[in-house]
Amino acid sequence: MSRPPGPLRRKLPNSPFLADVGVIPVLRAAVEGDGDEAVVRALVEGAGLTLGDVYVKRGKGELDKKLPAYRQASRFAPWLVVRDLDHDASCAPELVRTLTGSRDSPPAGRFLLRIAVREIESWLLADREALAGYLKVSPDILPASPDELAEPKTALVALARRSRLASIRRDMVPAQGSSARVGPVYNGHLIRFATDFWDPVRGSRRSPSLRRALTALRELKAELHAG
Amino acid sequence: MRFTRVRLTNWKNFRELDLVLARRVFIVGPNAAGKSNLLDAFRFLRDVADPEGGFQKAVKDRGGVSQIRCLHARKKSQVEVEIEAMIDSDTWKYRLEFGQETRGHRRPLIQGERVAKNDQVLLDRPDPEDRADEGRLTQTFLEQVTTNKDFRVLADLLAQLRYLHVIPQLVRDPRRSDARRDPYGSDFLQQLATTPKGTLESRLRKINKALQVAVPQLKELKLERDELGVPHLKGLYEHWRPNAGWQSEEHFSDGTLRLLGLLWAFLDGDAPLLLEEPELSLHSAVVRFIPSMMARAGGKKNRQILISTHSPDLLSDEGIGPEELILLRPSQEGTEATLAAADAEIRTLLEAGETAAGVAAARTSPEKAPQLALFG
């Protein structure tokens with residue numbers, strides 16, 4: 001069932017403490033950065049689960065190093081780790097193998113490592129209707145298959161450059177002469193969009209990596225409900 | 001002497017709190033979660049035990065019972081503060097329960113005061129005399145020399161607690177600090193100069209040893225008087241720069257001076273030290289070394305130190321164990337305080353390579369919206 005584009009105005013998450021006493025354990029998550037956190041919150045909520053602690057790292061290097069710790073901790077609560085594929089492997093399964101290693105002991109409990117192909121921005125680009133509305137651009141210029149983009153972040157900035165809103169262009173596009181990849185308030189907009197407008201269910205129609213992540217979370221939810 | 005446990009009921013934003021305390025304690029949490037309020041429970045007992053202060057003043061200085069009592073308090077609305085302490089090899093307990101007169105002057109009134117030494121009860125109020133004369137319940141036995149004879153060591157320990165909050169304004173205006181002597185103000189050198197020679201040299205040696213971690217080029221510290229008798233702290237610098245050699249304090253960086261003051265305060269006294277957000281006044285590269293410097297400077301004496309912080313740098317020290325980490329998180333029921341060691345999940349994360357800083361950040365910020373604020 002798809003919802004119409006426009007602000008969804010999610011309610012604030014419940015206190016993890018209150019949720020902890022419920023039957024369904026609260027999910028923990030670990031992500032590469034602040035923007036990823038907002039996307040993962042919306043994703044988990046879209047799957048009907050409650051998110052508690054989120055470990056927000058400074059980049060994938062730091063995240064990768066802590067993976068063994070999170071696998072261990074999944075003994076106490078289910079865990080979700082989301083990481084960009086970037087160009088670290090040719091496909092997601094290969095990266096998962098590299099990151100978890102064949103010699104590594106299996107995770108202690110329910111542990112999901114989901115890879116965004118190739119960057120988490122492709123998950124946002126996949127909700128065309130909402131993103132076009134947010135950026136004030138025509139939906140026709142959004143990519144049909146964002147998972148096939150080599151640089152989804154660059155693609156998102158390129159779209160912002162064509163925005164009818166000067167504030168979007170100023171905030172999200174690097175100033176002339178700047179060698180930064182994104183504009184000064186890029187992350188702020190990414191968080192705002194992910195939190196208030198993005199619908200992962202709608203997005204999962206165009207991004208296979210998002211669809212698989214959503215399916216895995218729904219299966220996790222079913223498992224948790226089953227006991 | 002050190003605190004081994006603290007229990008609070010209806011104290012400011014803690015409805016219920018019960019924590020075992022290690023030699024070193026790091027209190028972490030988001031702004032306004034109650035880091036200062038937790039330290040303030042200890043300061044409150046110090047103010048009560050202070051012969052020049054006392055219970056009435058301690059409550060009044062905090063804006064009265066209504067300002068102290070937790071907003072989340074339920075039926076049982078009295079405030080309770082209880083500590084356990086180890087002095088020499090004795091275990092002491094002190095418990096104070098209080099509220100407010102329901103009529104008349106609405107004075108702060110003691111509802112219970114108990115002292116135990118090695119589980120033997122030395123004091124249990126209210127006693128029959130208290131019931132006959134309610135005026136007696138406006139003062140603790142702890143604060144009165146005529147009544148605290150049996151537990152004077154405990155009263156002394158509490159009265160000697162040291163609290164430091166080194167915000168830059170305090171450095172410039174020491175009068176605003178409640179520390180009796182401010183090691184960061186202009187009297188720091190005078191303090192050094194009035195310390196007996198043997199003690200001074202031993203402390204400077206310890207400080208120097210600790211500083212090696214953060215300021216390795218500073219090889220030696222000594223105190224000298226100039227022709228006018230004014231004391232100067234001199235440091236021997238060894239490095240490739242042309243200004244190597246003995247330098248006096250005006251050439252030390254601000255950060256080095258503050259660090260010296262911090263370490264001096266740590267060595268000056270035996271009672272526990274409460275240190276609020278030391279990162280505010282120091283360079284992040286130095287903040288990282290505070291835990292290890294404290295450990296080195298403390299040496300055998302190993303003074304207890306309770307530090308409130310939200311500095312990831314300070315918490316990145318891998319030597320911080322789960323039994324030393326207190327995590328505060330606001331909830332609808334007031335702030336929850338958890339000892340990391342008491343939470344199996346956090347213990348596992350720390351053992352498997354996550355840092356105290358990482359756990360603190362995830363545990364203490366359930367809702368993060370600072371960036372959203374950009375958009376009104």
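For the chain pair A and B, buried accessible area totals roughly 2400 Å², probe 1.4 Å, rounded to the nearest 100. Computed over the Cα atoms of chain A, the ratio of the radius of gyration to the Kirkwood radius (Rg/Rh) comes to 0.97.
Reducing the stretch B:1-64 and the stretch B:286-355 to their Cα centroids gives an inter-centroid distance of 18 Å. Under the convention that each Lys and Arg Cβ holds +1 and each Asp and Glu Cβ holds -1, the size of the dipole of the protein assembly as shown around its Cα centre is about 1080 debye.
Calculated on the alpha-carbon coordinates, the convex hull of the stretch B:121-165 measures out at 97 cubic angstrom per residue.
For the residues B:His72, B:His283, B:His251, a GNM of chain B with alpha-carbon springs under 10 Å puts the largest fluctuation on B:His251. With the simple spin-label model, which puts each label point 7 Å out from Cα in the Cβ direction, the B:Gln190 to B:Lys301 separation comes to 2.2 nm. Taking the Cα centroid of the stretch A:135-179 and of the stretch B:92-157, what is the distance between the two, rounded to the nearest whole Å? Centre-to-centre (Cα) distance: 69 Å. Accessible area per residue (1.4 Å probe, heavy atoms of protein chains only) ranks A:Thr98, B:Thr335 as A:Thr98, B:Thr335, with the largest value leading. Largest GNM mean-square fluctuation across B:Ile326, B:Ile346, B:Ile27, computed for chain B with C-alpha springs under 10 Å, falls on B:Ile346. When only DSSP loop residues count, what GluC sites (Glu not before Pro) in the stretch B:192-286 have their Cβ near at most 16 other Cβ atoms within 10 Å? Sparse-neighbourhood loop GluC sites (Glu not before Pro): B:Glu227, B:Glu238. Among B:Thr335, A:Pro152, A:Leu49, pick out the residue whose Cα is farthest towards the positive end of the charge dipole of the protein assembly as shown, where Lys and Arg carry +1 and Asp and Glu carry -1 on C-beta, about the Cα centre. Of B:Thr335, A:Pro152, A:Leu49, it is A:Pro152. Note on B:Lys206: lysines with a C-alpha under 19 Å away, same-chain residues under 8 apart excluded, are B:Lys197, B:Lys219, B:Lys222, B:Lys234, B:Lys300, B:Lys301. Here r is the Cβ-Cβ distance between A:Lys65 and A:Arg205 and R0 is 35 Å; the resulting FRET efficiency, rounded to 0.05, is 0.50.
Given +1 at the Cβ of Lys and Arg, -1 at the Cβ of Asp and Glu and no other charges, the dipole of the stretch B:311-350 around its Cα centre is 100 debye to the nearest 20. Judged by the ratio a/c of the largest to the smallest principal axis of the C-alpha gyration tensor, the stretch B:14-102 counts as oblate, that ratio being 1.5 or greater while a/b is no larger than b/c. For the options B:Pro312, B:Pro216, B:Pro330, a Gaussian network treatment of chain B with springs between C-alpha atoms closer than 10 Å singles out B:Pro216 as fluctuating the most.
For the stretch A:106-146, state which GluC sites (Glu not before Pro) are in a DSSP loop and have at most 10 other beta carbons lying within 10 Å of their beta carbon. Hits after loop and neighbour filter: nothing returned. Size of chain B from its Cα atoms: along the principal axes, largest to smallest, the extents are 75, 54, 44 Å.
Pairs exceeding 31 Å between alpha-carbon atoms, taken from A:Lys57/A:Lys221; B:Lys93/B:Lys209; A:Lys66/B:Lys209: B:Lys93/B:Lys209; A:Lys66/B:Lys209. Normalising the Debye intensity of the protein assembly as shown to I(0), with uniform scatterers on Cα atoms only, and taking log10 at q = 0.06, 0.10, 0.12 Å⁻¹ returns -0.42, -1.00, -1.19. A viscosity of 1.002 mPa s and a temperature of 20 °C, combined with the Kirkwood radius over Cα pairs in Stokes-Einstein, give a translational diffusion coefficient for the stretch B:63-105 of 170 µm²/s. Between B:Asp127 and B:Arg106, the contour length at 0.36 nm per residue exceeds the alpha carbon distance by 5.4 nm.
Between the stretch A:52-110 and the stretch B:218-271, the C-alpha centres lie 48 angstrom from each other. Could you state the angle between the C-alpha long axis of helix A:186-196 and the longest principal axis of the C-alpha atoms of chain A, as a value from 0 to 90 degrees rounded to the nearest 10? Roughly 60 degrees, rounded to the nearest 10. The convex hull drawn around the Cα atoms of the stretch A:146-227, when projected onto a plane and averaged over every direction, covers 6.9 nm².
The loop-placed trypsin sites (Lys or Arg not before Pro) in the stretch A:39-136, going by DSSP, that have at most 12 neighbouring Cβ atoms within 10 Å of their Cβ come out as A:Arg58, A:Arg103. Spin-label model, A:Lys136/B:Glu52: points 7 Å from Cα along the beta carbon direction are separated by 6.4 nm. Restricting the calculation to Cα atoms, the stretch B:200-332 shows an Rg/Rh of 1.02 when the hydrodynamic-style radius is the Kirkwood one. Taking every DSSP beta bridge that has both ends in the protein assembly as shown, the antiparallel portion is near 65%.
Only lysines eight or more places from B:Lys35 in sequence, or on another chain, were considered; those with a Cα closer than 20 Å are B:Lys12, B:Lys368.
Counted over the stretch B:266-347, the DSSP beta bridges are approximately 60% antiparallel.
The values are calculated or read from the model by the stated rules, or taken from the named source; none is laboratory data. Just so you know, these numbers come straight off a predicted model, no measurement behind them. Quick reminder, even Gly has a Cβ in these numbers, built from the backbone with ideal geometry, and neighbours come from all protein chains shown. Side chains are part of the model used for accessible areas, which takes the heavy atoms of the whole protein and leaves out ligands, DNA and RNA. Shrake-Rupley method; radii C 1.70, N 1.55, O 1.52, S 1.80 Å.
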